[in-house]
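Scroll down for the structure; my scribbles are underneath it.
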Amino acid sequence: MRIRIVTIFPELFGPFLETSLVGRARQEGLMEITVHDLRDFTDDAHKSVDDEPYGGGGGMVMTAPPWLAAVRALAAGGGAWRVLLSPQGRRLDDAKVRELAARDDLLLLCGRYEGVDERVRRLAVDEEISIGDFVLSGGELPAMVLAEAVSRQVPGVVGLQDSVVNDSFRRGLLDYPHYTRPREVEGHAVPAVLLSGHHAKIEAWRRRQALAATLEKRPDLLATAALDARDRRELAAIAAEIGRELPLAGGDPSPRT
Ligand code: 4HQ
């Protein structure tokens, strides 16, 4: 898996690329992640990358020529999937992360200021992606979010592939609660079932907790979660217990955008 990132602030990526899971994945050659300075693709003495917006208004706009030169140089050959991080993009979610991981070669474009000249998007971008409905100062943090999430889907990057397979969202549900030592924290004990050594009971408890957490905190996820008949019976029981409607079958299949 290869990810190239274009930015005017390459120094933001230093520790991110060297540390923890991403650092290890790069060291082991499982991931190739490189950062490229947009200013290297300018052709004026000042290495300028922005200008005033046509039509007026505040702020500056990133000019098209450096971006077009960068994308042409880095995506030559046509193999790379070119992604612009922007609040106008489709919202990143687990399905999109897995789709991007399967692409194998990503070129991430990080804008600053008011954004990038529209012609860059039209001429040199395959897809716009947003990490959420809020405004940041640049696409660098979103690029790190995307790169880390994608890295976790590359075989071998997460130690036990099991912990990716069983991760929240993998089966469309929120995670179950986790406990470790000490057994009691300020009067709050670890649920007894987790100390029982009874693996089937522990699995059933965790599944029920995941269903309950999802029903309480993100009922919208239940519309697309992979649920079997037993899950549905459990959910109905949980819903009755906590006095909640089941937003299940028959409901609108609210598309996850
Ligand atoms: N920005 N998800 C504006 C974002 C953003 C987001 C990136 C701010 C691009 C020009 N990107 N710049 N949210 O807020 O991806």
#### Entry: Count - residues of the range 142-172 that are open to solvent by 30 Å² or more (accessible area, probe 1.4 Å), part of a helix (DSSP H, G or I) and at pLDDT below 95
4
### Query
Residues of the range 142-155 being within 12 Å of the ligand (Cβ to nearest atom) and of a type in the set (A, V, I, L, M, F, W, C), which ones?
ALA143, MET144, VAL145, LEU146
#### Entry: Subset of the range 112-141 [open to solvent by less than 10 Å² (accessible area, probe 1.4 Å) and either among the small types (Gly, Ala, Ser) or near the ligand (Cβ under 7 Å from one of its atoms) (or both)]
ALA124, ILE129, SER130, GLY132, GLY139
### Message
Being crowded, with 19+ Cβ neighbours inside 10 Å and either touching a strand residue (DSSP E or B) at 6+ places or on another chain (Cβ under 8 Å) or small (Gly, Ala, Ser) (or both) is the filter here; which residues of the range 206-224 pass it?
### Response
ALA210, ALA212
### Task
Please verify whether the range 66-88 includes one or more residues that are polar (S, T, N, Q), near the ligand (Cβ under 10 Å from one of its atoms) and either open to solvent by less than 40 Å² (accessible area, probe 1.4 Å) or modelled with pLDDT under 95 (or both).
yes
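The values are calculated or read from the model by the stated rules, or taken from the named source; none is laboratory data. These numbers were taken from a predicted model, which means no experiment stands behind them. Reconstructed Cβ throughout: ideal geometry from the backbone, glycine too, with neighbour counts over all protein chains shown. Heavy atoms of the whole protein, side chains included, go into the accessibility calculation; ligands, DNA and RNA do not. Shrake-Rupley method; radii C 1.70, N 1.55, O 1.52, S 1.80 Å.
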